[in-house]
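Below you'll find the structure, written out as structure tokens, and then a few comments.
The values are calculated or read from the model by the stated rules, or taken from the named source; none is laboratory data. All values reported here derive from a predicted model rather than from experimental measurement. Cβ: placed from backbone, ideal geometry, glycine included. Neighbour counts: every protein chain shown. Accessible surface is based on the protein model in full, side chains and every heavy atom, while ligands, DNA and RNA are left aside. Shrake-Rupley method; radii C 1.70, N 1.55, O 1.52, S 1.80 Å.
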Amino acid sequence: MGQMDKVGCYPFMADMFHCDCRKRLFLGHLGNRMLNAADFHANDRGFGIAYLNSINRSWVLSRLAIELEEMPKAYDRFHIYTWIESAMRYFTNRNFKMVDTDTGKVYGYGRSIWAMIDTQTRQPANILEMQGGVLADYVAKDMECPIDKGSRVRIDDEVQQVGQTMASYSDIDPNGHVNSVKYIEHVLDLFPLEWHSSHEIRRFEIAYVAEGHAGEILRFYRQDNGDGDFSVRVTGQGVSDADQRELCRCRIIFVKR
């Protein structure tokens, strides 16, 4: 099996109506394209969602880190390369590289960690038992991803709530919980338009802790670490302060334009 058999490469475009006020692709839409590339890569090799659903299994995103030099602008065509860095019993590491189709300019990289769950019990499933451990055959050992792995996001317990919303229809994915990328969109909405107009996202990290569901009140807690570095905690469940559980944590690093 050659190296390029292990690496997927998929074309995308920054559609105008998926761009922000500066005509740059929303980070949430870039995240969706990255997850689409991961899905295409896995399906092409026999361990995608289509197959897993037939055996009561599914992939669940555990962590995602995206680091950017620049965001694609409206109508830019770009390719996303994706490959498996490592495969373990309960987790697999998948990386990404975003490249301008015409110029070869690298927009950025991504790192992600995935778990497999039993869709009936919602418990972790052994990745290496699937189809005789075929996923391990696609580990691309020679591919490099130059960005740091996701860090442990730290946020103080006493940080004040800065927003909330109810998880509704458009937030819910085929697994029945809040879509991974929807958290990214909600978190970035905590910053006003004026902030986004004068700052760019250099790095975004998110670590998922628990599943959120339709009807839950999502509460957002933001901590300013200084120099454009922020931590955000998202909680859900119920309507009282005492009836909450952590759903995810994020770290966002902005730089001035």
Quiz item: Along segment 181-195, what does the Karplus equation 6.51 cos²θ - 1.76 cosθ + 1.60 (θ = phi - 60°) give for ³J(HN,Hα), rounded to whole Hz, x for Gly and Pro?
Solution: 6, 4, 4, 4, 5, 4, 5, 5, 5, 6, 9, x, 4, 4, 5
Quiz item: Given 0.36 nm per residue, what is the gain on full extension from Arg122 to Asp102 after removing their alpha carbon distance, in nm?
Solution: 2.9 nm
Quiz item: For segment 1-75, what does the alpha-carbon gyration tensor say about shape, rounded, prolate or oblate, given a ≥ b ≥ c as the root eigenvalues, a/c under 1.5 as rounded, and a/b over b/c as prolate?
Solution: prolate
Quiz prompt | DSSP bridge pairs, segment 73-195: antiparallel proportion in percent, nearest 5 | solution = 95 percent
Quiz item: How big is the gap, in Å, between the Cα center of segment 176-203 and the Cα center of segment 13-90?
Solution: 17 Å
Quiz item: Using Cα pairs under 8 angstrom and six or more residues apart, how large is the relative contact order of segment 25-91, in percent?
Solution: 35 percent
Quiz prompt | Under 11 Å, Cβ to Cβ, from Ile127 - net charge with Lys/Arg +1 and Asp/Glu -1 | solution = +1
Self-check item: Net charge, Val209 excluded, C-beta distance under 11 Å - Lys, Arg +1, Asp, Glu -1
Solution: +2
Quiz item: Working out 0.36 nm times the residue gap between Asp148 and Asp44, then minus their Cα-Cα distance, what length gain in nm do you get to one decimal?
Solution: 34.6 nm
Quiz item: Roughly how many Å² is the accessible area per residue of the chain, as a whole number, for a 1.4 Å probe?
Solution: 49 Å²
Exercise. Report Tyr81's accessible area, 1.4 Å probe, all protein chains in place, as a number in Å² to the nearest 10.
Key: 70 Å²
Practice problem: Send over the per residue convex hull volume for segment 27-66, Cα only, as a whole number of Å³. | Solution: 70 Å³
Quiz prompt | Accessible surface of segment 123-257, 1.4 Å probe, proportion on carbon and sulfur as whole % | solution = 47 percent
Practice problem: Just need the relative contact order of segment 78-217 here, percent rounded to a whole number, with Cα pairs under 8 Å and 6+ apart. | Solution: 19 percent
Quiz item: Picking from Pro174, Pro124, Pro146, which is most flexible by a Gaussian network model of the chain using Cα springs under 10 Å?
Solution: Pro174
Practice problem: Pull up all non-local amide H partners of Thr119: gap of 5 or more, or a different chain, and H-to-H distance under 5 Å with H placed in the peptide plane. | Solution: Arg57, Ser58
Quiz item: Given [x] 19.1; [y] 19.9; [z] 18.4, which label gives Kirkwood radius over Cα pairs in Å as computed from the coordinates?
Solution: [x]
Self-check item: Residue-span extension gain [His79 to Asp137] - 0.36 nm each, minus C-alpha spacing
Solution: 18.5 nm
Exercise. Using only protein heavy atoms and a 1.4 Å probe, report how much of Ser151 is accessible, in Å² to the nearest 10.
Key: 40 Å²
Self-check item: Summed side-chain charge close to Tyr90 - residues other than Tyr90 whose Cβ falls under 13 Å, Lys, Arg +1, Asp, Glu -1
Solution: 0
Quiz prompt | Residue list for segment 175-193, given a label point 7 angstrom along the Cα-to-Cβ vector of Val159 and an amide N cut-off under 15 Å | solution = 184, 186-191
Quiz item: Given Cα pairs under 8 Å that are at least 6 residues apart, what percent is the relative contact order of the chain?
Solution: 17 percent
